[in-house]
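Before any comments, here is the structure.
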Amino acid sequence: MANIVKCALIQTTGVSDKKAMIDKHMGYLEEAAKQGVQIACLQEIFYGPYFCQIQDRKWYDMAEPIPGPTINLMCDFAKEHGMALVVPIYESVGTGLYYNTAAMIDADGKLLGIYRKTHLPHLPGFWEKFYFRPGNLGYPVFQTQFAKVGIYICYDRHFPEGARMLGLHGAEIVFIPSATARGLSDHLWDVEQRGHAIANGYFVGTNNRVGVEAEFGPQEYYGSSYFVNPRGAYLAKASDKEEQLLVADLDLDLVKEVRDTWQFYRDRRPELYGDIAHL
């Protein structure tokens, strides 16, 4: 009997009204529950716009602790609906200390832990080092009731080292919430994350914002959220123009089948990779 896990990705356009964004996502999650979704992933800093296009201290007020009001709300939803959730928010750790973080909540409402975005861009339109410290928790993998889940966030996907660590730590599904605009990265969107799935033998679910967040100018996010299997084949792909709930069935038995066929883990030579940590 196949080991199927039904998963969902949410892609929306961000606005500055935090309550409105939370309400919008709760609507999508309610729809996901009706479809029998077992694991859902919200988009990067889901409850607001992608404010890193500018440098303005007012956005520090968007940050929350974990646990905190939004994560507690999501824990209650997860318990009520028996759905595991990946919930990316702007995390506050004391005064003036902030991270770009995703919480992993299990289907019983328990907060399993968090992942903090490791790699931070700092260039026009993506001033993330103004808002966040680099993540300091490594690459945890969370044993949910349905699957072993890893998390990578947006710019992280350009770095294969962390993607490999998630595989080595046992991830069966890796979720990559993002805020990615049209430009240099368009062709990388399809290549890199499929490459992580192939190289590491796990499923990838990656979601992106969509549309223009008018408060910050003309920059357009192109959606195109997708699921791929451990062979890099698309299971489902969303619109590049519209808000959408994307749902797919992931057969976890394929993880073992692919890893037994392509023995990348067996054939690794870690004793020869030491320079990677020093060069």
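The values are calculated or read from the model by the stated rules, or taken from the named source; none is laboratory data. A quick note: this is a predicted structure, and the numbers were derived from the prediction, not measured. Positions of Cβ are generated from backbone atoms using ideal geometry, with glycine treated the same way; all protein chains shown enter the neighbour counts.
Scanning region 25-47 for residues that are assigned to a helix (DSSP H, G or I) and touching a residue at least 60 places away in the same chain (Cβ under 8 Å) yields TYR28, GLU31, ALA32.
Could you grab me the full set of residues in region 114-126 that are over 13 Å from GLU44 (Cα atoms), out of contact with any helix residue (DSSP H, G or I) (no Cβ under 8 Å at 6 or more places or on another chain) and crowded, with 16+ Cβ neighbours inside 10 Å? Listed by number, the list holds a single entry, ILE114.
Scanning region 129-178 for residues that are under 16 Å from THR206 (Cα atoms) and part of a loop (DSSP other than H, G, I, E, B) gives TYR152, ILE153, PHE159, ALA171, GLU172, SER178.
Give me the residue from region 173-196 that is under 20 Å from VAL247 (Cα atoms) and over 14 Å from the mean Cα position of the chain (by Cα) and, out of that set, surrounded by the fewest Cβ atoms within 10 Å (Cβ to Cβ). Residue satisfying both the conditions and the ranking: ASP190.
Could you tell me whether HIS25 is crowded, with 17+ Cβ neighbours inside 10 Å, over 20 Å from PHE130 (Cα atoms), modelled with pLDDT of 95 or more and over 19 Å from the mean Cα position of the chain (by Cα)? Answer is no for this residue.
With the condition kept exactly as written, say whether any residue in region 197-213 is without any contact (Cβ under 8 Å) to a residue 40 or more places away in the chain and surrounded by fewer than 17 Cβ atoms within 10 Å (Cβ to Cβ). Scanning region 197-213 turns up no residue that is without any contact (Cβ under 8 Å) to a residue 40 or more places away in the chain and surrounded by fewer than 17 Cβ atoms within 10 Å (Cβ to Cβ).
Evaluation of MET21 against the conditions (1) closer than 19 Å to TYR152 by Cα; (2) touching a Gly at 6+ places or on another chain (Cβ under 8 Å); (3) in a helix (DSSP H, G or I); (4) not small (Gly, Ala, Ser) shows that the sole unmet condition is (1). Among the residues making up region 30-62, those that are on the phi < 0 side of the Ramachandran plot, surrounded by fewer than 21 Cβ atoms within 10 Å (Cβ to Cβ) and of a type in the set (Gly, Ala, Ser) are ALA33, GLY48. When each of THR118, THR101 is tested for being part of a strand (DSSP E or B), among the hydroxyl-bearing types (Ser, Thr, Tyr) and modelled with pLDDT of 95 or more, the lone residue that passes is THR101. Here the condition is being outside any loop (DSSP other than H, G, I, E, B), under 25 Å from GLY14 (Cα atoms) and among the small types (Gly, Ala, Ser); of ALA236, ALA199, it holds for ALA236 alone. Any idea which residue in region 81-91 is farthest from the chain's Cα centre (by Cα), counting only those that are closer than 16 Å to THR118 by Cα and not aliphatic (A, V, I, L, M)? Across region 81-91, the extreme among qualifying residues is GLU91. With respect to ALA78, is the statement that it is more than 16 Å from the chain's Cα centre (by Cα), crowded, with 21+ Cβ neighbours inside 10 Å and without any contact (Cβ under 8 Å) to a residue 60 or more places away in the chain true? So ALA78 fits the description; yes.
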